[in-house]
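The values are calculated or read from the model by the stated rules, or taken from the named source; none is laboratory data. Everything numeric in this text was worked out from a predicted model, so none of it was measured. Neighbour counts are summed over all protein chains in view; Cβ atoms, including those assigned to glycine, are modelled from backbone coordinates with ideal geometry. The area values use the complete protein model at the heavy-atom level, side chains included, leaving out ligands, DNA and RNA. Shrake-Rupley method; radii C 1.70, N 1.55, O 1.52, S 1.80 Å.
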Amino acid sequence: MAVDRSRPHTLAQFARRARMSAQRLRVLQGERRLPDPDAVDADGHHVWFTATIDRWLRATGRPVPADAVWPFGWPDATEPAEVIWSGDITLPRGHAAAVTIFDAAGQPVVYAVGYTGQDVSRDTIAEAAIAQLDPDRRPGAVVVQPFLLDPRPDGPHPHLELWRMPEQAEPPAHVAPDPLPGFLRRLLPARAPATTTTTTTPPPLVLGRQRRPDAPEYAGSVWASEAARLLGRPVPLWWAGTVTPEIVRTVRLLDQPRPLPIPDTVTDWPAAISRLSAALEHSLHTTHPQAFALLARETRAVHQDVVATLTHPTTGDGWYIAAAPTPPTWPAVAEQRAAVAAGRTFDPDAAGAELARLAEVEANLLWQPDDPYGAALREAILMLRGQLAATDPETVYTFPVTYSWPDAHGSICEEYRRHLTALAPADRHGDPTHPTRRLVRLLTEDATDTVIARHQLLDRARRRLIGLYRDPDGRLVAHLASGAAEIADELLIEWPTSMPPDGWTAQTVIAADKTYSATGLFALTPGPDGALLPPQPVPNPGDEPRFTFGYDGNSPAALYQALVRCALREWDAAAQESWVQQLSARPQDTRHPHSRLWQQITTSQNALRLSWADVQQWAHEDQQALLQHRRSPR
């Protein structure tokens, strides 16, 4: 019978499996020489899984039980394992994985790794890899898949994920034969299930993910050295992004346990040096020295991190890096210019002026997926904003963010859309087939260049696009089909993050209609003649809008924060942890000050209509109440 790999063992059971006394194990546990327990049972006792015990026995040179699972119960290889088959296997949706099948003393060991750029689960790869074996070779077979390495300063972690097939095929369910003759079974109605005797073998407990009977079970991870000990050869590890058919084919053919040198396409260095070089080509170091200085410091920091990452050992106990990116190198001029610029003193006034100019230039550039100059400008803008946010928010938060209104309908929506002007294709930002970077940010909800290209966000948005508009203040608006019958169309709006305009009056009403998941919040102001002025988006100064109402939660807290900051004209007022958590929505709760504004937001249903004069008064009440609450003795 196959050993139950997932059954937890108490210390006494650990002792029986290890053929040691419980007293001796307690001494070892006190000396921290036992493996860490895997869990705690219902009685609060430490427990260890079978694989953990067997791994410890093997690592400490103690006898391993005969029923130990792979790799702990198998003997060391005396020569390199034979390669039974090596090639690519087909996966769902036209994907593929590289597979090598070894014969390790009669035990099939399948090494598999999925190719870069494929959205395929490791369970799917393991199941497809096992299917390459003849049915009589599958019981007891294992699949190992390497963890793909990410650039990190502490070096690679040589682990493999492990899947196992049961050592014995699971017996099929046995159904007792029906005593009735066949012709009677055809004539009589079907019996109730209770009259049929069915006996089945209960499925084994599995550590981790569940599996189908014909699929391998996930069994955690093993050290590369443990797998190499049984294969008689080191196993390859891979940088994320380097598993391409061409590189895999070369590594297979060379069959050398050392890294194949390849160009660096996986660390942050290629993009960083490309941005800096493009900035130099466009003379950013002379026209915008503050922005270039920030780019230079970032590029030098990336160079330092990547050098540290790529100079770690590329081989180790039972493993080697299959393909290693070459270390980063500086173009001579770029290195010298970056060193000089990195030492420049930051000037907030000059940086603020540069920020405004760069933002306009970058917004009007045509979008190109691999444009290093556009990426350099965007990176410089973000870093300038980061430097100035705390000291000069009026400069930083003049820029909008994209607000997604995914269920845009209702009277407020109709009134807002009535004042929108359709963009003609001749408009700079009106051609979605040749969009500007500003338009792309709107259509992709401020995604990064890399994410836009990788996930084809722009193409997806263009397929849903119905129209492009400007509001009366010049902000861009995109109308997209929702794609769901029960949800209205979506609006993407360039939403302000600044303080509200000066035109709001005592007659202004803060208004929103209830929608599916988020809502547009607008200020409605009557003009001198009584006619309603165009609705104006209500900002959340210095932060993103996430407006909902009618319940107590995080998004209503963001709406509360926005209204308090607008009313008090304070950028850092109403931080959720210091305001909302100290305010009570229940007037009878005497432990906390009571907020009438918070109560209005969380109890309003279907529609929100708040007098701007009331909002201002309630915000000041909350500010004063919290000040008094903090001063009062506790």
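Assigning unit charges at the beta carbon (Lys, Arg +1; Asp, Glu -1) and nothing else, what dipole magnitude in debye, to the nearest 20, does the chain show about its Cα centre? Don't skip to the answer; put the middle values down first.
On the way: 61 positive and 74 negative charges, 343 e Å.
Charge dipole of the chain: 1640 debye, to the nearest 20.
Apply 1/(1 + (r/R0)^6) to the Cβ-Cβ distance of GLN581 and THR448, taking R0 = 22 Å, and write down the FRET efficiency to the nearest 0.05. Each step should come with its number before you reach the end.
Details: r = 32 Å, r/R0 = 1.48.
With a Förster radius of 22 Å, E is 0.10.
Taking all protein chains as present, what is the carbon and sulfur share of the accessible area of the chain, in % to the nearest whole number, probe 1.4 Å?
About 52 percent, which is the carbon plus sulfur part of the accessible surface.
Tell me which of PHE549, ALA408, CYS566 sits at the most positive position along the dipole axis of the chain, charges placed on C-beta atoms (Lys, Arg +1; Asp, Glu -1).
Selected residue: PHE549.
Provide the packing ranking of 333-345, 302-314, 508-520, i.e. peptides ordered by the mean count of other C-beta atoms within 10 Å per residue, highest first. Before the final figure, lay out the partial values.
On the way: 333-345: 15.0, 302-314: 16.7, 508-520: 20.2.
Ranked by mean Cβ neighbours within 10 Å, highest first: 508-520, 302-314, 333-345.
Could you work out the relative contact order of region 207-317? I mean the mean sequence separation of Cα pairs under 8 Å and 6+ apart, divided by the number of residues, in percent.
Working: 55 pairs, mean separation 23.3, N = 111.
Once normalised by length, the contact order is 21 percent.
Output the direction-averaged projected area (hull surface divided by four) of the convex hull of the alpha-carbon atoms of the chain, in nm². Intermediate values should be presented prior to the final figure.
Working: hull surface 176.8 nm².
Averaged projected area of the chain's Cα convex hull equals 44.2 nm².
Of all DSSP beta bridges located in the chain, what percent are antiparallel, nearest 5? Each step should come with its number before you reach the end.
Values: 62 of 73 bridges.
Roughly 85 percent of the DSSP beta bridges within the chain come out antiparallel.
Helix-only mean residue ellipticity at 222 nm, the chain, DSSP H runs n ≥ 4 weighted -39,500 (n - 2.57), per residue, nearest 500. What is it?
-10500 deg cm²/dmol
How do the peptides 268-281, 249-262, 381-394 rank, highest first, by the average count of neighbouring beta carbon atoms within 10 Å per residue?
Working: 268-281: 20.8, 249-262: 13.4, 381-394: 15.9.
With the highest mean Cβ count within 10 Å placed first, the list reads 268-281, 381-394, 249-262.
Among 495-506, 219-230, what's the highest-first ranking by average C-beta atoms within 10 angstrom per residue?
On the way: 495-506: 16.0, 219-230: 21.2.
Packing order, densest peptide first, comes out as 219-230, 495-506.
For the chain, what does the relative contact order come out to in percent, with C-alpha contacts under 8 Å and a separation of six or more? Can you show the working numbers first?
Values: 1063 pairs, mean separation 49.5, N = 634.
Normalised by residue count, the contact order of the chain is 8 percent.
Given the whole protein assembly as supplied and a 1.4 Å probe, what does the accessible area of LEU457 come to in Å², nearest 10?
40 Å²
Keeping every protein chain present and rolling a 1.4 Å probe, give me the accessible area per residue for the chain in Å². Write down the numbers at each step before the final one.
Values: 32040 Å² over 634 residues.
Accessible area per residue: 51 Å².
Span-like helices, the chain: DSSP H, alpha-carbon axial extent 30 Å or more, mean Kyte-Doolittle -0.5 or greater, which ones? Kindly include the intermediate steps, with their values, before the conclusion.
Working: long enough: 289-310 (31 Å, 0.30).
Those that clear 30 Å and a mean of -0.5 are 289-310.
Between region 99-143 and region 321-384, what is the C-alpha centre distance in whole Å?
45 Å
Using a simple charge model, +1 on the beta-carbon of Lys and Arg, -1 on the beta-carbon of Asp and Glu, nothing else, what dipole does region 1-110 show about its Cα centre, in debye to the nearest 20?
Working: 13 positive and 13 negative charges, 113 e Å.
In debye, rounded to 20, region 1-110 gives about 540.
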